[in-house]
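S.K.: Structure incoming, see below.
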Amino acid sequence: MGAASMMERPAANAPIEEWDAYLHLRDNPDGVTRELWYHEYGCGAWLVVTRNTLTHEVIKCELAEKVAAKAAKKTAGAAS
């Protein structure tokens, strides 16, 4: 489980400080947040879950692969 921003990894040759921040530094916000969850005992899918950390309400749940595909499509469209 972790922030959905974890899908945005540093480049393989990024400085060690960037990798350290990516792996170890996390915000713990109050309110609505997007998290990356792994459905380990179910289908094995990665999910992007939008939830409220104060009320525990799950607002939205999407397959991470679809979120990544949408982001790639959006990036490709912006580049053209």
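Values in this text are rule-based calculations from the coordinates and carry no lab data. Remember, it's a predicted structure, so these values are computed and weren't measured experimentally. As a convention, Cβ positions derive from the backbone with ideal geometry for all residues, glycine included, and neighbour counts pool all protein chains shown.
S.K.: Within region 38-60, can one find any residue that is in contact with a strand residue (DSSP E or B) (Cβ under 6 Å, 6 or more places away or on another chain), charged (D, E, K, R) and exposed (fewer than 14 other Cβ atoms within 10 Å of the Cβ)?
M.R.: yes
S.K.: For region 53-66, name all the residues that are over 12 Å from Glu35 (Cα atoms) and in contact (Cβ under 8 Å) with a residue 12 or more places away in the chain.
M.R.: Leu54, Glu65
S.K.: When only residues in region 5-24 that are within 14 Å of the chain's Cα centre (by Cα) and free of Cβ contacts under 8 Å to residues at least 24 places away in the same chain count, which is farthest from Ile59 (Cα to Cα)?
M.R.: Applying the filter and picking the extreme gives Pro10.
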